[in-house]
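Engineer: Below you will find the structure I want to go over with you.
The values are calculated or read from the model by the stated rules, or taken from the named source; none is laboratory data. The model shown is predicted, which means the values in this text are computed figures rather than measured ones. Neighbour counts run over all protein chains shown; Cβ positions are idealised from the backbone, glycine included.
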Amino acid sequence: MAERGFSVSRLPGFSTVAVMVFVALYLPIAMLVVFSFNSGTSVAIWEGVSLRWYVSAWANEQVKEATFRSLIIASAASIVATTVATMAALGTTRRKAFKGQTLIYVMINQPLMVPEIVTAVALLIFFATIKVATGYQGLGYLIAAHSAFCIPFAYLPIRARLEGMDYTLETAAADLYATPWQTFRRVTLPLLMPGVIAGMMLSFVTSLDDVVITLFVKSAGQDTLPTYMLAQIRRSVTSEVNAISTVLLGLTVVMLTVFFLLTRKKD
């Protein structure tokens with residue numbers, strides 16, 4: 001009788017540990033969603049089902065303003081980051097290996113390896129110098145900071161898509177006298193588009209949820225939705241924050257689900 005190969009799932013207690021891990025990860029999130037429908041003012045005592053806090057958040061002008069600002073920053077940052085990441089992915093995959101390629105890969109993914117607080121402090125010092133020199137205090141700093149931080153999040157799915165593409169299609173286009181631009185526009189880009197869209201969505205979600213970099217870079221009156229929620233929690237905790245968090249959670253889940261569907265490999 002042939003011996004069965006090793007499988008961690010057959011170890012004693014594996015199922016118990018797995019269940020405990022999932023409970024620890026998702027029970028707090030489930031409680032947040034449930035208490036967002038609480039009719040009372042307490043975030044710990046259930047007093048009945050109500051949409052009170054969703055209505056309250058919808059009528060809150062500060063929430064609307066912070067949400068609109070967050071969407072502007074996240075949209076702009078995702079477009080910039082995806083554009084730069086696409087060019088970087090093309091430059092590191094659609095050519096022969098060259099000296100220093102690994103270093104370039106490391107530098108592109110530096111925001112993923114360095115603690116976010118370090119990046120935030122560095123951006124604070126850099127932008128403070130520009131603010132003193134120019135006097136400009138607009139959203140451009142937040143857009144630039146989020147773009148820089150989101151580049152690796154867009155780069156990874158785009159590069160993975162490029163590495164999985166059949167290079168012979170582009171070679172065939174060149175053999176048929178297509179210019180490099182025509183090859184890119186009519187062959188490479190259409191095939192690459194799922195990776196580009198996935199990278200853009202991942203960048204959007206990352207920018208939308210960011211707190212640390214935003215806190216360090218923003219000027220007065222430039223609260224995004226996450227920083228607004230943090231400020232509200234410091235003052236008093238209400239289920240309005242739970243309602244806003246639930247909406248953000250739902251948006252993130254939808255975006256990541258689409259990201260998964262775009263990037264999964266087909267049989």
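Engineer: Exactly one condition in (1) part of a helix (DSSP H, G or I); (2) at pLDDT below 90 is false for Ala220; which is it?
Structural biologist: Going through the list (1) part of a helix (DSSP H, G or I); (2) at pLDDT below 90, Ala220 breaks only (1).
Engineer: Let me ask something additional. Which pairs have Cβ atoms under 6 Å, sit 6 or more apart or on different chains, and link a residue in segment 210-232 that is on the phi < 0 side of the Ramachandran plot to one that is surrounded by 20 or more Cβ atoms within 10 Å (Cβ to Cβ) and assigned to a loop (DSSP other than H, G, I, E, B)?
Structural biologist: So the pair list comes out as Thr214/Thr224.
Engineer: Sticking with this one: Can you tell me how many residues in segment 10-45 are of a type in the set (A, V, I, L, M, F, W, C) and part of a loop (DSSP other than H, G, I, E, B)?
Structural biologist: Number of matching residues: 5.
Engineer: Could you give every pair whose Cβ atoms fall below 9 Å, whose first residue belongs to segment 147-168 and is at pLDDT 85 or above, and whose second residue is of a type in the set (Asp, Glu), counting only separations of at least 6 or pairs across chains?
Structural biologist: Hits for this filter: Phe149/Glu116; Phe149/Asp210; Cys150/Asp210.
Engineer: Go over the candidates Thr224, Thr188, Thr183, Thr206 one by one and state the one that is within 17 Å of Glu65 (Cα to Cα) and polar (S, T, N, Q).
Structural biologist: Just one listed residue meets the conditions, Thr224.
Engineer: Only one of Gly135, Gly140 is free of Cβ contacts under 8 Å to residues at least 60 places away in the same chain, closer than 16 Å to Ser207 by Cβ and small (Gly, Ala, Ser); which?
Structural biologist: Of Gly135, Gly140, the one residue that is free of Cβ contacts under 8 Å to residues at least 60 places away in the same chain, closer than 16 Å to Ser207 by Cβ and small (Gly, Ala, Ser) is Gly140.
Engineer: So which residues in segment 172-215 are touching a helix residue (DSSP H, G or I) at 6+ places or on another chain (Cβ under 9 Å), surrounded by fewer than 18 Cβ atoms within 10 Å (Cβ to Cβ) and more than 30 Å from Gly140 (Cβ to Cβ), if there are any at all?
Structural biologist: Ala172, Ala174, Ala178, Pro180, Gln182, Arg186, Leu191, Pro194
Engineer: Consider only pairs whose beta carbons are under 9 Å apart and that are at least six residues apart or on different chains; among these, list those whose first residue lies in segment 106-122 and is under 17 Å from Pro157 (Cα atoms) and whose second residue is surrounded by 14 or more Cβ atoms within 10 Å (Cβ to Cβ) and of a type in the set (Val, Ile, Thr).
Structural biologist: Partner pairs satisfying both residue conditions: Ile108/Thr92; Ile108/Ile151; Asn109/Ile151; Gln110/Thr119; Pro111/Thr119; Pro111/Ile151.
Engineer: Tell me the residue from Ala76, Ala59, Ala44, Ala30 that is at pLDDT 90 or above, over 21 Å from Leu192 (Cβ atoms) and of a type outside the set (Phe, Trp, Tyr), please.
Structural biologist: Selected residue: Ala76, the only one of Ala76, Ala59, Ala44, Ala30 that is at pLDDT 90 or above, over 21 Å from Leu192 (Cβ atoms) and of a type outside the set (Phe, Trp, Tyr).
Engineer: Another one. When the residues of segment 79-90 are narrowed to those that are modelled with pLDDT of 90 or more and small (Gly, Ala, Ser), which ends up nearest to Val106 (Cα to Cα)?
Structural biologist: Checked segment 79-90; the qualifying residue nearest to Val106 (Cα to Cα) is Ala85.
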